[in-house]
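Just below is one structure, and these are the notes that go with it.
The values are calculated or read from the model by the stated rules, or taken from the named source; none is laboratory data. All values derive from a computational prediction rather than experimental measurement. Backbone-built Cβ (ideal geometry, glycine too); neighbour counts: all protein chains shown.
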Amino acid sequence: MQQSRIKGQLYETFMSDLRLSIPTKNIYTYPDVMVISTPVIYAEARRDTITNPQIIVEVLSRSTEGYERGQKFEYYRRVNSLQEYIIIDQYRYYVEQFSKTQDGKWWLSEYEGDGAILSLSSVEFQISLSDIYENVEFE
């Protein structure tokens, strides 16, 4: 767990070590990264399961790509607190950002190339793809 301050608000960042409860589907998942605006809301009085991510990040592999883009994203859309879903391709400089609009629709933004800059919509934060992919050697 890592705490971060973004424009005066406190957020917690969890990397694969905390599960997400999706009660409407009666399932649990382990996103690669979750950003949660505090306070963290734990499910079922547990300290290993949360219910209120604001941002979920998944890194795609060839074996998980279909699930991450399809059914898993469908599950994530059932989480009321979720505002952004970020998909990172591990084989090239390419990131997809799905942002929830005020009317509940999802808007896609694509970022490609090492010079592109990902701008989050639910928090004031930007990061270049070259920073995201730092030390990654593509095949």
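Here are the numbers:
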item: Residue match in the range 16-35 (condition: on the phi < 0 side of the Ramachandran plot, of a type in the set (Val, Ile, Thr), in a loop (DSSP other than H, G, I, E, B) and touching a Ser or Thr at 6+ places or on another chain (Cβ under 9 Å)); result: no
item: Breaking point among (1) surrounded by 12 or more Cβ atoms within 10 Å (Cβ to Cβ); (2) in contact (Cβ under 8 Å) with a residue 24 or more places away in the chain, for THR38; result: (1)
item: Residue in the range 59-76 that is assigned to a strand (DSSP E or B) and touching a residue at least 12 places away in the same chain (Cβ under 8 Å) present; result: yes
item: Filter result for THR13 (of a type in the set (Val, Ile, Thr) and modelled with pLDDT of 90 or more); result: no
item: Hits in the range 36-58 (condition: among the hydroxyl-bearing types (Ser, Thr, Tyr) and either assigned to a strand (DSSP E or B) or modelled with pLDDT of 90 or more (or both)); result: SER37, TYR42, THR49, THR51
item: Which listed residue is touching a strand residue (DSSP E or B) at 6+ places or on another chain (Cβ under 7 Å) and among the small types (Gly, Ala, Ser), from SER81, SER109; result: SER109
item: Hey, PRO31 loosely packed, with under 15 Cβ neighbours inside 10 Å, of a type outside the set (Val, Ile, Thr) and more than 21 Å from PHE138 (Cβ to Cβ) or not; result: no
item: In the range 91-123, the residues that are basic (Lys, Arg) and within 14 Å of the chain's Cα centre (by Cα); result: LYS100
item: Candidates GLU124, GLU112 - the one that is among the charged types (D, E, K, R) and at pLDDT 95 or above; result: GLU112
item: Only one of ASP103, ASP114 that is charged (D, E, K, R), in contact with a helix residue (DSSP H, G or I) (Cβ under 7 Å, 6 or more places away or on another chain) and assigned to a loop (DSSP other than H, G, I, E, B); result: ASP114
